[in-house]
1. Return the sequence-ordered ³J(HN,Hα) values of the range 49-58 in whole Hz as given by the Karplus equation 6.51 cos²θ - 1.76 cosθ + 1.60 applied to θ = phi - 60°, using x for Gly and Pro.
2. Just tell me the longest site-free run in the chain, where the sites are GluC sites (Glu not before Pro) in a DSSP loop having at most 11 other beta-carbon atoms within 10 Å.
3. Could you please state how large a percent of the accessible area of the chain is carbon and sulfur, counting protein chains only and using a 1.4 Å probe?
Amino acid sequence: MTEPMNFARVRWACRRGMLELDVLFQPFVENQYQSLSNEDKATFVRLLECEDPELFAWFMGHKQCADAELAAMVTRVRGRAAP
């Protein structure tokens, strides 16, 4: 199985319109993305395809993501992004 998206494109996709999301995504992609399984990389890329307001609600705990894989990735990113 090949990587779902090259690393440079994933890094670019992590640049969001909301600083709160940038603060979460940038450290995760720089420090954790390369060590993910290809399946988890694909899930992370799917997460990046979501709209910013939806992502913000999930990451801030205002709403629960109905997709179990995406919800697990939200938890993973939140846990790994903190210094």
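The values are calculated or read from the model by the stated rules, or taken from the named source; none is laboratory data. Keep in mind that this is a model prediction, so the values were computed, not measured. Cβ placement follows ideal geometry from the backbone for every residue including glycine, while neighbour counts extend to all protein chains displayed. In case anyone asks, the SASA skips ligands and DNA or RNA and just uses the protein heavy atoms, side chains included. Shrake-Rupley method; radii C 1.70, N 1.55, O 1.52, S 1.80 Å.
1. Once θ is set to phi - 60°, the couplings for the range 49-58 become 7, 6, 6, 4, x, 5, 4, 4, 4, 5 Hz.
2. Between exposed loop sites, the widest span is 1-48.
3. Exposed carbon and sulfur together represent 52 percent of the surface.
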